[in-house]
Amino acid sequence: LDPVEIERADRFRFEPDRERFILGHGLLRMVLMGYVGGDGRSIRYARGPFGKPSLDPKEVHFNFSDTKDAFLIGVSRSIDLGVDIETMTRNVDHEAVSEHYFTGPEITAIRNAGGHSKRRFLEFWTRKEAVLKASGVGIMDDLRVLRVDAPTNTMTIDHESFTQMAAPEYRVRTWHIGADHIVSIALPSDLKAFRMMRIDSALTPPPRSGRGS
């Protein structure tokens, strides 16, 4: 890991959280090695104004997310992206959180989901996180201005940094992985193909082509 990552790892209060951070970011470097070659220690990140890492030079685009029991790494050869993962085992008062961070239509959709309301909440939550990470802003004070319940979401946000850094619109996709995990990806334009891989397969990247993956 680089000095910034080591400093972040050392700030964790509990050892399991520290170990998970080191494991996830080490695996990220292993995946990136498959795309750019070299040794994991030789990978150098540039970091945006809000801390989003990118390769320097930007040979491929990537994004990373983790939850208590899983990691998610997104890589594209051609387009910037944001990814997020959540687990259904997360203990969250989704109704109360929705009232503070979600738009009116999103709150209605969560309520109408009945017994699946927590799942719908996490779908929207991962979408919001993916869009914010794709933009490079990472977090905003009021997520109620960020609507993500459509496949394509036009950005109408007045947040100064977001308007400067974000794309005019984002395509958002969401998948359920097994029984417990929900993942979302946000992209400023369409990709022709997606390829999902377990981490052991992802360490050997797909052959180069004109399409993102």
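The values are calculated or read from the model by the stated rules, or taken from the named source; none is laboratory data. Please read all numbers here as calculations on a predicted model, not as lab measurements. Glycine also receives a Cβ, built like all others from the backbone with ideal geometry; neighbour counts cover every protein chain displayed. Accessible surface areas use protein heavy atoms only, side chains included; no ligands, DNA or RNA. Shrake-Rupley method; radii C 1.70, N 1.55, O 1.52, S 1.80 Å.
Hey, what's the chain come to in accessible area per residue, 1.4 Å probe, Å²?
Counting only protein heavy atoms, the per-residue value for the chain is 55 Å².
Non-local amide H neighbours of residue 82 (under 5 Å, H modeled in plane, Pro and chain starts lacking H): which ones?
Amide H to amide H, under 5 Å and 5 or more residues apart or across chains, residue 82 pairs with 134, 186.
With the chain treated as a Gaussian network of Cα nodes joined by springs under 10 Å, which of 72, 28, 55 yields the largest mean-square fluctuation?
Taking springs between Cα atoms under 10 Å, the residue moving most is 55.
Just 150, 179, 167 to compare: in a GNM of the chain, with alpha carbon springs under 10 Å, which one fluctuates most?
Ranking 150, 179, 167 by mean-square fluctuation puts 179 first.
On the accessible surface of the chain, probed at 1.4 Å, how many percent belong to carbon and sulfur atoms?
Roughly 51 percent of what the probe reaches on the chain is carbon or sulfur.
With n ≥ 4 as the cut-off for DSSP H runs, can you work out [θ] at 222 nm for the chain, using -39500 (n - 2.57) per run divided by the number of residues, rounded to the nearest 500?
That comes out to -11000 deg cm²/dmol.
Picking from 105, 188, 16, which is most flexible by a Gaussian network model of the chain using Cα springs under 10 Å?
Fluctuation is largest for 16.
Using alpha carbon centroids, what distance separates segment 82-133 and segment 1-78, in Å?
Taking the Cα centre of segment 1-78 as reference, the centre of segment 82-133 is 26 Å away.
Around residue 62, under 12 Å between beta carbons, what's the net of Lys plus Arg minus Asp minus Glu among the other residues?
Once all neighbours under 12 Å are counted, the net charge is +3.
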